[in-house]
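Following: one structure in structure tokens, then a few remarks.
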2 protein chains.
Amino acid sequence: MENQEIRDAGLKVTGPRVKILEILDRAGERHLSAEDVYRLLLESGDEVGLATVYRVLTQFEAAGLVERHNFEGGSSVFELNKGEHHDHIVCVICGKVVEFIDETIEKRQRQIAVEKGFEIADHSLTIYGRCNNPACSRRKEKGG
Amino acid sequence: MENQEIRDAGLKVTGPRVKILEILDRAGERHLSAEDVYRLLLESGDEVGLATVYRVLTQFEAAGLVERHNFEGGSSVFELNKGEHHDHIVCVICGKVVEFIDETIEKRQRQIAVEKGFEIADHSLTIYGRCNNPACSRRKEKGG
DNA sequence: AGACTAAATGCAAAAGCTTCTCATTTATTG
DNA sequence: CAATAAATGAGAAGCTTTTGCATTTAGTCT
Ligand SMILES: [Mn+2]
Ligand SMILES: [Mn+2]
Ligand SMILES: [Zn+2]
Ligand SMILES: [Zn+2]
């Protein structure tokens, strides 16, 4: 089971940690804030402190189990690290997030880092726009 | 003079606004936090409140005069909008920022937005790495 | 120049997110 | 099952940013 992942990270296998991992697992492509995770725990009837949620998410991030993203708007969001890197396109209206990978872009980034004399460590690419949800897309307003 | 830019934004031409624009102008490629701008104002002997700095920067952003970036680490940074879009590569050690534009990446982003059914509004691409400053680059540590 | 008014300012207070402190509880090891 | 280092919960505290409000000021019209 994935409890081993927690052990491998050098962390004790505790209730909060197992449950947080489960919640992120169930979240799938959704990206959850610490507050989201906290609320989901409460809704499941689990008594966990918000401070613990923050601590555990940070530890999981350090261990490479989860990734943290800073999209626009105050708070960080987290998702399970599924092994393969990806970037995001976010709807500025409804918040919908779609993931994508583009090898052309990845390659150009590596070239740019070399050109500029940087040893690349990481990158963050987020496209913002309006998704095709009718409530979000701004169709040409028909005749004023 | 550039006071006209302030007027065009529908804002009164006040001391704080003119001075903040000057500071950003002098900053060149540097990216300043609100706190940075505030400190520079004080050092110039100008009495301006931090709240005003935040307010003015937000107004300038809304007017398209400045751009706000959320690199890693707590606070937003600002720079004068020089008209042409660019992305950033940031040194995770010393904080040095280099700007770049890459049409290949720009084009792919537009294609991806279309593929995913998004009307693109904006994007943010930041590469993180270690710059070639000796204190920053991690040369292969020679023997123990 | 002086008067008027909406806008701008400074300060302090408050908000939002995240981290820290510390007393108590718990997982792990032997 | 005892021992102990690690983890937890609750609240305090920290940081960046925003807000409320009394006061000041830029722009406009005599
Ligand atoms: Mn993702
Ligand atoms: Mn820039
Ligand atoms: Zn949408
Ligand atoms: Zn550097």
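The values are calculated or read from the model by the stated rules, or taken from the named source; none is laboratory data. Keep in mind the model is a prediction, meaning the values are calculated, not measured. Positions of Cβ are backbone-derived with ideal geometry, glycine not excepted, and every protein chain shown enters the neighbour counts. The accessibility values were calculated without ligands, DNA or RNA, using every heavy atom of the protein model including side chains. Shrake-Rupley method; radii C 1.70, N 1.55, O 1.52, S 1.80 Å.
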Calculated over the protein assembly as shown: convex hull of Cα atoms, volume per residue (Å³): 208
Solvent-accessible ranking of A:5, A:47, largest area first, probe 1.4 Å: A:47, A:5
Heavy atoms of residue B:38 accessible to a 1.4 Å probe, total area in Å² rounded to 10: 60
Rotationally averaged projected area of chain A (alpha carbon convex hull; nm²): 12.6
Beta bridges by DSSP in segment B:84-144, antiparallel share as percent, to the nearest 5: 50
Area buried, chain B against chain A - accessible surface, total, 1.4 angstrom probe, square angstrom: 2900
Other protein chain Cβ atoms within 10 Å, averaged over every residue that makes up B:125-137: 5
Exam field: residue A:70 pseudo-label spacings to other copies (7 Å along Cα-Cβ), nanometres: 0.8
Other copies of residue B:111: label-to-label distances in nm, shortest first, labels 7 Å along the beta-carbon direction: 1.3
Probe 1.4 Å, all protein chains present, accessible-area order of B:82, B:19, largest first: B:82, B:19
Counting DSSP beta bridges with both ends in chain A, the antiparallel % (nearest 5): 70
Subset of A:82/A:116; A:96/B:12; A:82/B:82; A:19/A:107; A:107/B:96; B:12/B:107 violating a 28 Å alpha-carbon distance limit: A:82/A:116; A:96/B:12; A:82/B:82; A:19/A:107; B:12/B:107
Pair-distance profile P(r), taking every C-alpha pair of segment B:70-144, with 10 angstrom steps and integer %: 15, 36, 30, 14, 5, 1
